[in-house]
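Colleague: For reference, the structure I am asking about is given below.
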């Protein structure tokens, strides 16, 4: 049997086969390997341990772990250095153009091309008779004649539609006394439409040169015989800027149509003393032009009662006489 004594030197003990007492044999000198040199024997003599003990094994394992850690750290350091070199080479290479920039450039070029095409087409249509005014359509006429509209419009047939100033034509046509408004439209490929709205007479006033017709805005637009049952207006200075004229016309437009048809004359010496007379001789005292809608409702109710004078100047207390 081999035992380990202090100092890590193995000891061999054994029993004698003849029953002799146990003898202890201590190995005090290492045996040189066959064929070994004297230097090898001297080296082994300096390190006499042949079997590794626990403490030596622990030191060896710690040394191996430290070596493994140092190797792992060296590998990681080499990997980081390689990455840094790779990034440095990538930074030196020129950057490619982003895909979004290429798409934006294509869009700009396409827009520019489309704009140029549109301008070219507009120039062709503007300077050539491809789309010219070969006919002029006039609608909305009644008392105003077609020839009067065309003479005032001053549009020459064959003029390219794009060269016609529609606003200018509309302004010239609207200057006709009987025209309240005018609208001019291009109708491609070869027509121009002029639509007018004529003024409608609301009241009439006698002048030395004849009766003058006024519309709801107080505009004197015609000197002609009035239509039947058109009420006369009695104001000093009739016109669109006269306060009394505007007040009297506001009263007439607020009344119901069946009541307006019965009015033969409306007088407005001032905006605070408006009166009007029916064709059968009945009189309405209106007063000011305030609370017009309310007064119109009260008058419609009062006219169902017999009387000669209907006073709605105070709508809170209307009276019939």
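Colleague: Hey, can you tell me all the residues within segment 239-298 that are in a strand (DSSP E or B), in contact with a helix residue (DSSP H, G or I) (Cβ under 9 Å, 6 or more places away or on another chain), under 22 Å from residue 220 (Cβ atoms) and without any contact (Cβ under 8 Å) to a residue 40 or more places away in the chain?
Modeller: Answer for segment 239-298, where residues must be in a strand (DSSP E or B), in contact with a helix residue (DSSP H, G or I) (Cβ under 9 Å, 6 or more places away or on another chain), under 22 Å from residue 220 (Cβ atoms) and without any contact (Cβ under 8 Å) to a residue 40 or more places away in the chain: 263, 267, 274.
Colleague: Residue 222: buried (at least 16 other Cβ atoms within 10 Å of the Cβ) and either assigned by TED's automatic domain parsing to the domain that holds residue 276 or closer than 30 Å to residue 131 by Cβ (or both), yes or no?
Modeller: yes
Colleague: Take the residues in segment 249-265 that are within 16 Å of residue 299 (Cα to Cα) and touching a strand residue (DSSP E or B) at 6+ places or on another chain (Cβ under 7 Å); name whichever of them is surrounded by the most Cβ atoms within 10 Å (Cβ to Cβ).
Modeller: Residue satisfying both the conditions and the ranking: 251.
Colleague: Just wondering, is there one or more residues in segment 185-205 that are within 45 Å of the chain's Cα centre (by Cα) and part of a helix (DSSP H, G or I)?
Modeller: Checked against the condition, which is being within 45 Å of the chain's Cα centre (by Cα) and part of a helix (DSSP H, G or I), segment 185-205 yields no hits at all.
Colleague: Also, I was wondering about something else. Pairs, please: C-beta under 7 Å, at least 6 apart or cross-chain, first residue on the phi > 0 side of the Ramachandran plot and in segment 138-166, second surrounded by fewer than 16 Cβ atoms within 10 Å (Cβ to Cβ) and in a helix (DSSP H, G or I)?
Modeller: 158/129
The values are calculated or read from the model by the stated rules, or taken from the named source; none is laboratory data. Small disclaimer: the values here were computed from a predicted structure and weren't measured. For neighbour counting, all protein chains shown are included, and Cβ atoms are generated from backbone atoms with ideal geometry for every residue, glycine included.
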